[in-house]
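The values are calculated or read from the model by the stated rules, or taken from the named source; none is laboratory data. Just so we're clear, the structure is a prediction, and the values are computed from it rather than from any experiment. Note: ideal-geometry Cβ built from the backbone for every residue, glycine included; neighbour counts use all protein chains shown. We work out accessible area using only protein heavy atoms, side chains counted, and drop any ligands, DNA or RNA first. Shrake-Rupley method; radii C 1.70, N 1.55, O 1.52, S 1.80 Å.
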Amino acid sequence: MFDNPYSTAVLAWYEANARDLPWRRPGASPWSVLVSEIMLQQTPVVRVLPAWEAWMARWPTPADLAAEPSGEAVRMWNRLGYPRRALNLHACARTIVERHGGEVPDSHADLLALPGVGSYTAAAVASFAFGQRHAVLDTNVRRVLARARTGVEYPPKTQTRAEVALAESLVPPEPAVAARWAVAVMELGALVCTARSPACADCPIAGQCAWRLAGKPPYDGPPRRGQTYAGTDRQVRGRLLAVLRESAAPVPKAALDVVWDEPIQRERALDALVADGLVDPLEDGTYALPG
DNA sequence: GAACCGTGGTA
DNA sequence: TTACCAAGGTT
């Protein structure tokens, strides 16, 4: 087996250009890596940095978080978005304490069994925290491979088996090199091979990039539309939860009612938050973050 | 497989 | 201003 045709150039580029992110430092614990990966799901690094610092200062180990009510995790999550991730992280902490002796498991299968941990996050933690050999396929890597190998500007909207097979075919054989490759190619996508205006002049594999060599043909597939937000249940849920986050005490329903005029949608959103375990309806008719 | 799940920055 | 994008996962 040989390393892929990009690895030498990408690894050298990473050595010189990697960001100094706290969860990448030598002393970073597997727990701190897991926290970073959950926080980074669909969320930019610049917004995760302060949240991660505060989280790790308060709950340096899974046991520290597991000892708290889940609502404290939701409150600490603040406005990072997708607050069920806070619930997931809290459930991860309890599972890690109850089933793994308080240590983040190192096997891909055990990681995958944790709530909120899918194939990407399991591979990322196994690779970054434990130095294992896995294909780590996130949105950055998908874009790099689409361009360099497939010759198109953007990957398909949903991940395909062909993309997984391609990513797996490029993983260097040595675990330590594979782990380095995983973080390096991801960083290349984040800093150089970006979605909007890629900096091909700074790219270490520009000479081997199928898309650039084809003259950078523009994307011609179906519209890659993002979800609209204004007026959706998600916006209502966000407002409702914000009220509870900002209140130290349980709030009367009237305090929730004022955040959205339309009662049908408001009730539906509140019911969904309760069903999701993000809101606790108390017996006296008030509402609170879960205990 | 498509829809849903938050929030904020940028062009 | 609207639309897209940001280290995805679950149903």
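What the table below lists for this structure:
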read-out: Hits in the range A:8-36 (condition: open to solvent by 50 Å² or more (accessible area, probe 1.4 Å) and farther than 23 Å from residue A:92 by Cβ); value: A:8, A:12, A:15, A:16, A:17, A:19, A:20, A:26
read-out: Among residues of the range A:108-154, those that are of a type in the set (Lys, Arg) and in contact (Cβ under 8 Å) with a residue 60 or more places away in the chain, counted; value: 2
read-out: Unmet requirement for residue A:142, which otherwise passes all of (1) within 23 Å of residue A:35 (Cα to Cα); (2) open to solvent by less than 10 Å² (accessible area, probe 1.4 Å); value: (2)
read-out: Qualifying residue in the range A:37-50 (condition: out of contact with any Lys or Arg (no Cβ under 9 Å at 6 or more places or on another chain), open to solvent by 20 Å² or more (accessible area, probe 1.4 Å), in a helix (DSSP H, G or I) and away from DNA strand C (no atom under 11 Å from the Cβ)); value: yes
read-out: Test: residue in the range A:230-246 that is open to solvent by 80 Å² or more (accessible area, probe 1.4 Å), outside any helix (DSSP H, G or I) and of a type in the set (Val, Ile, Thr); value: no
read-out: Within the range A:209-229, considering residues that are aliphatic (A, V, I, L, M) and assigned to a helix (DSSP H, G or I), the one surrounded by the fewest Cβ atoms within 10 Å (Cβ to Cβ); value: A:213
read-out: Count of residues meeting criterion [assigned to a loop (DSSP other than H, G, I, E, B) and open to solvent by 20 Å² or more (accessible area, probe 1.4 Å)] in the range A:247-288; value: 17
read-out: Helices (runs of 4 or more DSSP H) completely within the range A:64-159 that count 2 or more residues being within 12 Å of DNA strand C (Cβ to nearest atom); value: A:84-99, A:108-112, A:119-128, A:139-145
read-out: Some residue of the range A:64-77 being open to solvent by less than 50 Å² (accessible area, probe 1.4 Å), touching a Cys at 6+ places or on another chain (Cβ under 8 Å) and in contact (Cβ under 8 Å) with a residue 24 or more places away in the chain; value: no
